[in-house]
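J.: Have a look at this one.
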Amino acid sequence: MALPKLNENLKYELVIPSSEQTVTFRPYLVKEEKVLLNAFEQQDQKLAMRAMVDTVVSCVYDDVDANSLSTFDVEYMFTQIRAKSVGETATIKIKCESCEHMNDQTIDLTTAQVEKEEVDYIIPITDDISVEMKYPSYGSFVEHFKDGMSEAEFGFTMLRDCMVSIMTEEENHLVSEVSKKELDEFIDSMTNAQFEKIGSFFNTVPVMRKHVEFTCSSCGHENKTKLEGLQDFF
């Protein structure tokens, strides 16, 4: 007689922030947790990022293309899956903004949200030339990340990857059809002001966020702060 199967009926729903698609998922199991723990124990950030997205894809019942998920999609989805796997709350330390005492605070992970704003993905850089941008995909982020890479080098790499097309009044040049050499020459020909216009697009990338209010246990100061990104929640 075959052994019974565990956890077949554990199904939950979440909404993928970037696409607003509702998907069904399960908690991660021992087999996925082993991979996650191994990745975290090795203190290899790239390995850990890959383990996270692999866990997300494994736990979602619907077809999800890992390469189409944004960075904020994976952070949010992993947090919701972890909440159903380990526990819906996490106790973290938050510094008082007045006395800097570290306060233990219990956070409800299920209430974390990705806050999005209306963004124009087409950025004019001259009177007749515009660049269409997209948010970085998690797959691209992991692919290009290297330990020891400077922030500037990584930023340039991601900038190239997030450019969709370069538009003039007459033509629309898809970046996917342009050589890396041509693209680099185009970027290098920008003035500082034009480059800053493109770079400022990354300031609009949504993040997973939770607003927290607490009274400092040391000085009694009433704190209002926010947690942003996966590293603040765990």
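J.: With the cut-off at 1.5 for a/c, could you classify region 7-54 from its C-alpha gyration tensor as rounded, prolate or oblate? It would help to have the intermediate numbers written out before the result.
T.: Details: a/c = 4.85, a/b = 1.49, b/c = 3.26.
Oblate, since a/c reaches 1.5 and b/c is not below a/b.
J.: In what sequence, largest accessible area first, do GLU20, GLU118 appear using a 1.4 Å probe? Don't jump to the answer; show the numbers that get you there.
T.: On the way: GLU20 130, GLU118 180 Å².
If we order GLU20, GLU118 from most to least accessible, we get GLU118, GLU20.
J.: How much area per residue is accessible in region 116-180 when the probe is 1.4 Å and only protein heavy atoms are counted (Å²)?
T.: Values: 4090 Å² over 65 residues.
Ligands and nucleic acids excluded, the figure is 63 Å² per residue.
J.: May I ask which of LYS46/LYS134; LYS116/LYS146; LYS11/LYS224; LYS116/LYS181; LYS93/LYS134 have a Cα-Cα span longer than 32 Å here? Intermediate results must be reported in sequence, preceding the final value.
T.: Numbers: LYS46/LYS134 22 Å; LYS116/LYS146 28 Å; LYS11/LYS224 35 Å; LYS116/LYS181 34 Å; LYS93/LYS134 34 Å.
Too far apart for the 32 Å limit: LYS11/LYS224; LYS116/LYS181; LYS93/LYS134.
J.: Continuing with the same structure: Run lengths n ≥ 4 of DSSP H only: what is the helix-derived mean residue ellipticity at 222 nm for the chain, with -39500 (n - 2.57) per run over all residues, to the nearest 500? Let's see the in-between values first.
T.: Values: 8 runs with 82 residues, N = 234.
The helix-only estimate for the chain comes to -10500 deg cm²/dmol at 222 nm.
J.: Tally Lys and Arg at +1 and Asp and Glu at -1 over the other residues with C-beta under 9 Å from the C-beta of THR225: what net charge comes out? Mind showing how you got there, number by number?
T.: Working: positive: LYS95, LYS224, LYS226; negative: GLU97, GLU213.
Local net charge: +1.
J.: Let me ask something additional. Which chymotrypsin sites (Phe, Trp or Tyr not before Pro) from region 35-125 combine a DSSP loop assignment with at most 15 other Cβ atoms within 10 Å?
T.: Details: sites: PHE40, TYR61, PHE72, TYR76, PHE78, TYR121; in loops: TYR61, TYR121.
Here the sparse-neighbourhood loop sites are TYR61, TYR121.
J.: Using DSSP to call loops (not H, G, I, E or B), can you name the GluC sites (Glu not before Pro) in region 146-196 whose Cβ has at most 11 other Cβ atoms within 10 angstrom? Working shown, then result.
T.: Numbers: sites: GLU151, GLU153, GLU169, GLU170, GLU171, GLU177, GLU182, GLU185, GLU196; in loops: GLU169, GLU170, GLU171.
Sparse-neighbourhood loop GluC sites (Glu not before Pro): GLU169, GLU170, GLU171.
J.: I would also like to ask the following. Give me the net charge of ASP128's neighbourhood, meaning all other residues with Cβ under 13 Å from the Cβ of ASP128; Lys, Arg count +1, Asp, Glu -1. Spell out each step's value before the answer.
T.: Details: positive: none; negative: ASP127, GLU169, GLU170, GLU171.
Net charge in that neighbourhood comes out at -4.
J.: Would you work out what percent of the accessible area of region 1-137, with all protein chains in place, is carbon or sulfur (probe 1.4 Å)? Show your work: numbers first, answer last.
T.: Details: 3810 of 8310 Å².
Carbon with sulfur: 46 percent of the solvent-accessible area.
J.: For the chain, list log₁₀ I(q)/I(0) at each q in 0.10, 0.15, 0.16 Å⁻¹, using the Debye formula over Cα point scatterers of equal strength and ignoring solvent, two decimals each.
T.: One equal scatterer on each Cα of the chain leads to -0.61, -1.13, -1.21.
J.: Helix 71-85 against the longest principal axis of the chain: what's the angle in degrees, Cα atoms only, rounded to the nearest 10?
T.: Helix 71-85 sits roughly 10 degrees off the main axis of the chain.
J.: Starting at the first residue of region 173-187, write each ³J(HN,Hα) from the Karplus equation 6.51 cos²θ - 1.76 cosθ + 1.60 with θ = phi - 60°, in whole Hz, x for Gly and Pro.
T.: Coupling constants for region 173-187: 8, 6, 4, 5, 9, 10, 6, 4, 4, 5, 5, 4, 5, 5, 5 Hz.
J.: Give a residue-ordered list of calculated ³J(HN,Hα) values for region 192-208 (Karplus: 6.51 cos²θ - 1.76 cosθ + 1.60, θ = phi - 60°; whole Hz; x for Gly, Pro).
T.: These are the phi-based 3J(HN,Hα) values: 4, 5, 5, 5, 5, 4, 5, x, 5, 4, 5, 6, 9, 4, x, 10, 6 Hz.
The values are calculated or read from the model by the stated rules, or taken from the named source; none is laboratory data. Keep in mind that this is a model prediction, so the values were computed, not measured. Cβ sites come from the backbone with ideal geometry, for glycine too, and all protein chains shown count toward neighbours. Just the protein is used for accessible areas: all its heavy atoms, side chains included, with ligands, DNA and RNA removed. Shrake-Rupley method; radii C 1.70, N 1.55, O 1.52, S 1.80 Å.
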